[in-house]
Amino acid sequence: MLTDSAARSIRYLRLSLTNTCAMRCLYCRGNFEIPSRGQEKLSIETIEQLVRHLVQNHGLRKVRLTGGEPTNHKDFLQYIRRLSAIDGLEELAMTTNGLNLALLADRLAEAGLNRVNISLDSLDKERFAIITGVDGLSKIIAGIDAAIQAKLMPVKLNTVALRNQNDDELQDLVRFAAERNLIIRFIELMPMGPLADQWSERYISTDEMFARLDPIIVNDYPEPRKSAASHYHQLTLDDGKKVTVGVISAMSHPFCDQCDRIRITTDGRLYPCLMDDKQQKMLPALQPTFDADRFDALLKAGLRNKAPEHPAVGSEMMVEIGG
Ligand code: SAM
């Protein structure tokens, strides 16, 4: 079992396949150009070996492919095939902007992906284009429906709530999720990336989000179901529909004491904490071939740097780290 300096067990790896993304979400990268760090340095074989090593020797249970946009990687289906075949890996998931999902959902499921999280910040076409930089709402909705058809379940929607941007849409987004029997998760804006300077004006706490949802909630099952990062509320709405709403309250109710995850970027850097720039270069253990002993030594050094609590402000953009 892998533990860090605060005795937290590490069971979850978020693997960034690329730092490129067609979207320019206001809070994620906005107009920043992504500097090329000579990325995508790791071969599929190396990634497969490192995941198998973590599963078989260190108790890793879950891998999420992220980025950037993971479906931008030319070999992403190969990654899914190879990783999903690893014995002992209980869950292989992906976070996606959904732009390619209508075409890909069946192939993702066939390749062995268990489930997807899809970013959706607005149901209004123009507003969606302003937030993401892409006029793509209808593609995303087709992608969500394709993911449901392909049984990439449970399909979860991720919504970052932004004051004066989409905060009047939270009820509509919850109704959209209820109609399709999806889980929707509201994410608190984190002070990193292009909106970091405006964070206090744009941030909405999950308590305020729930206050906005309150008029349409008839019943909230008393005990939210908890995972490391999310609290899930089982709601009954005023039209009788039932829906699960998750909240990720990284700023108002930090869950660092429950954090069970590490991140590895496509150019071989380990981030023990999403908001902390303390990173560990793993490349010497990954090239020219995977070296398990060296990997373990570097991993141990990296985990010593996993802070008990995340810093107040993040220094990098999530698209670079694998949010
Ligand atoms: N391309 C994929 C996507 O669009 O979902 C995966 C990468 S994206 C960086 C992963 C998640 O990071 C998204 O759900 C997005 O909402 C979240 N994210 C990015 N910047 C954020 C910020 N400053 N605060 C909160 N969430 C953020």
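Filtering segment 223-238 down to residues that are assigned to a strand (DSSP E or B) and either exposed (fewer than 14 other Cβ atoms within 10 Å of the Cβ) or within 17 Å of the chain's Cα centre (by Cα) (or both), which residue is modelled with the highest pLDDT?
Here the answer is Y232.
List every residue pair whose Cβ atoms sit under 6 Å apart, with the two residues 6 or more apart in sequence or on different chains, where the first one lies in segment 194-213 and is within 16 Å of D172 (Cα to Cα) and the second, anywhere, is within 14 Å of the ligand (Cβ to nearest atom) and not in a helix (DSSP H, G or I).
M209/A161; M209/F186
Would you kindly identify the helices (runs of 4 or more DSSP H) lying entirely within segment 163-222 that contain at least 1 residues that are modelled with pLDDT of 95 or more, crowded, with 20+ Cβ neighbours inside 10 Å and charged (D, E, K, R)?
So the answer is 199-202.
Considering only residues of segment 120-135 that are surrounded by 19 or more Cβ atoms within 10 Å (Cβ to Cβ) and of a type outside the set (A, V, I, L, M, F, W, C), which is farthest from the ligand (Cβ to nearest atom)?
S122
The values are calculated or read from the model by the stated rules, or taken from the named source; none is laboratory data. On a predicted model such as this, the values are computed, not experimentally measured, just so you know. Cβ coordinates were reconstructed from backbone atoms using ideal geometry, including for glycine residues, and neighbour counts include every protein chain displayed.
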